[in-house]
Amino acid sequence: MLQDLDQLIQLQALDGEISVLEGAIAAIPNQIRTLEQQFVRAKAALDAATGEVEQLQKLRRQKERELEEAGRELKKRQGRLFEIKTNQEYTAALKEVEGLKQKISTLEEEILIGLDAIDDAVKIRDQEAEKVRLAEAEFLKNKQQREEELHALQNRLSILRKARERRSANVEASLLQLYLRLLKSRDGLAVANATGRSCEGCHVTLTPQLYNEVRRNEAIRTCEGCGRILYWKE
Ligand SMILES: [Zn+2]
C-alpha cells in the first residue's frame, strides 16, 4: 500500500475518534445541568413549604396581637361599667363587653387551629428539607461521576491529539492540505472505504476503471461524486 494512503487511513481513524470524544465532552455540561434540575425542583418545593410556615406564623402573631388588644379593651370597658349612670348606657356597654368576650373566644379558637396548621406545615417543610438533602447528595454524586468521566475523556483526547500530530507530520504537505479540506467540508470523513464498489461517503458507484485503481491502493484516488480520498480494504 502507498505509504501516504496508509498514513491518511490511520489519520482518519484518529480524527474519527477525536470527533466522537469531542462530542461526548461537549455534552457533559448539559448532562450535569439536567441532573441539577431535580435538585433545583426540590429546593423550589422546600422554599414554598418554608414560605407556607412563615405565612402561618405571621398570621398567628397577628391574631395574638389582636387577642392582646381585645383583652386590654375588655379590661378597660369592664372597669368603666361601674362609672355608668343610666341603665340604657349600662346595657349598651354590657353588650360591648359581651361582644369583646365573644371576639376573644373566637381568636383563641383560631389561634389553636392555627397552631395545628403550623405543626402540619412544619412537618411538610421538614419532609421537603429531607428531599432536598437526598437530591443534593444524589446530584453531587452524579456530578462527580460525570466530572471524572470528563477528565478521562479529556486525557484520552489529549493522547489522540498528540498521536494525530505525529501522524500528520508523516504525510506529504499538499496531501495533508487536501485531507484537512475534505475533513472540514465532508462532515469529518475525508478518507472513504470503497471496498463495496461504492464510496462510503456519498454512496456513488465507482466506475470499473476507478475501482480497479482504488483496489490496488497504490495511488491517491478521489471519489467522482464527493472528492473523498478512496481506499480498498480486504
Ligand atoms: Zn464519494
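The values are calculated or read from the model by the stated rules, or taken from the named source; none is laboratory data. Just so we're clear, the structure is a prediction, and the values are computed from it rather than from any experiment. Quick reminder, even Gly has a Cβ in these numbers, built from the backbone with ideal geometry, and neighbours come from all protein chains shown.
Here are some notes:
Every residue, every condition in (1) under 20 Å from Glu234 (Cβ atoms); (2) among the basic types (Lys, Arg), yes or no:
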{"residue": "Asp6", "(1), (2)": "yes, no"}
{"residue": "Glu17", "(1), (2)": "no, no"}
{"residue": "Asn30", "(1), (2)": "no, no"}
{"residue": "Arg33", "(1), (2)": "no, yes"}
{"residue": "Gln37", "(1), (2)": "no, no"}
{"residue": "Ala45", "(1), (2)": "no, no"}
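- Here is the figure for the range 176-186: residues that are out of contact with any Cys (no Cβ under 7 Å at 6 or more places or on another chain) and either within 14 Å of Gly225 (Cβ to Cβ) or outside the structural domain of Gly225 (by TED's automatic domain parsing) (or both) total 2.
- Between Val214, Val171, the distinction of being of a type in the set (Val, Ile, Thr) and not in a helix (DSSP H, G or I) belongs to Val171 only.
- Test for Ala129: is it surrounded by fewer than 13 Cβ atoms within 10 Å (Cβ to Cβ) and more than 16 Å from the ligand (Cβ to nearest atom): no
- Scanning the range 221-234 for residues that are under 14 Å from Leu8 (Cα atoms), surrounded by fewer than 19 Cβ atoms within 10 Å (Cβ to Cβ) and within 14 Å of the ligand (Cβ to nearest atom) yields one hit, Thr222.
- The number of residues in the range 168-212 being away from the ligand (no atom under 13 Å from the Cβ), under 22 Å from Glu234 (Cβ atoms) and either hydroxyl-bearing (Ser, Thr, Tyr) or under 44 Å from the mean Cα position of the chain (by Cα) (or both) comes to 1.
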